[in-house]
Amino acid sequence: MDNLQIGRHISGQFNEDLERVINNVMQMGGLVEKQLTDALASVEQSDVALAKQVLTNDYQVNAYEVSIDDECTRIIAKRQPAAGDLRLIMAVVKTIADLERIGDEAEKIAKVALESFSSSQQDLLVNLDNLGRRVLEFLQASLDAFTRMDCETAIKIHQMDDKINREYEALMRQLMTYMMEDPRSIPQVMTVIWSARALERIGDRCQNICEYIIYFVKGKVVRHTTAEDMKKL
């Protein structure tokens, strides 16, 4: 609790409420990270059973979001938090919304494993996996920064999304070329395109989480702030 820069309160129950919320967010983040890891593994290994498991387990992510959101609403109504406490609650509410959507994107990625790809199309999956590994690293770094509410780290890793966007654009060009050269591959390639798009969106969600960390620590909204200005915070 102390490493989150949260002051102690007269009400011990208030402290427990905040600690419980943060712990639940961490658990939700761990589940979402596993969902993405399993989705990428199912594609790499053509593991249909693992892909179906990812699809089935999404309800757990949704349940976490509903439960944490309800708890935050209860805290606001009962405790009427102000200043840093209120920023923390708002950061949590926004973060779990993005985590839930990351879980939805992991579902889309897992669906690639349910498709049949010829041996000549395996290169497409390799490049998708490369993008996926970078996005997974971004998610892990973002969750680690959130756990510690580490503003400096959040500012640094916020820029990882630029690299993800460049890799995504390069992959999209490759996929478009592949479809033009072999129109018969369009159904399979479209599945990869939707998965690549899901990965790009996860990168955006991770960037959002970094911005919520900065908002909590600095009290400033940085959604439309340039990288150079962000470094000056």
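FYI, it's all coordinate maths here, none of it is from the lab. Quick caveat, the model's predicted, so the values are computed rather than measured. No Cβ is skipped: glycine too gets one built from the backbone with ideal geometry, and neighbour counts run over all protein chains shown.
Here the chain is assigned +1 on the Cβ of each Lys and Arg and -1 on the Cβ of each Asp and Glu. Its dipole about the Cα centre then comes out at about 600 debye. Relative contact order, whole percent, for the chain stands at 26, derived from Cα pairs under 8 Å and 6 or more residues apart.
Computed over the range 116-233, the alpha-carbon pair-distance distribution with 5 angstrom bins reads 2, 11, 21, 18, 14, 10, 9, 7, 5, 3, 0, each value a whole percent. With the alpha-carbon atoms of the range 11-53 aligned to their principal axes, the span from lowest to highest coordinate is 52, 13, 5 Å, starting with the largest. Could you sort out which of LYS111/LYS220; LYS111/LYS156; LYS78/LYS156; LYS34/LYS163 sit more than 30 Å apart by Cα distance in this structure? From the list (LYS111/LYS220; LYS111/LYS156; LYS78/LYS156; LYS34/LYS163), the Cα-Cα distance tops 30 Å for LYS111/LYS220; LYS111/LYS156; LYS78/LYS156.
For the chain, the 222 nm mean residue ellipticity estimated from helices alone, with every DSSP H stretch of n ≥ 4 adding -39500 (n - 2.57) and the total spread over all residues, rounds to -28000 deg cm²/dmol. Evaluating kT/(6 pi eta Rh) at 20 °C and 1.002 mPa s, with the Kirkwood radius of the range 2-231 over Cα pairs in the Stokes-Einstein relation, gives 115 µm² s⁻¹. A dipole drawn for the range 145-233 from +1 and -1 charges on Cβ atoms has a positive end, and of MET180, ASN165, THR153 the residue lying farthest that way is THR153.
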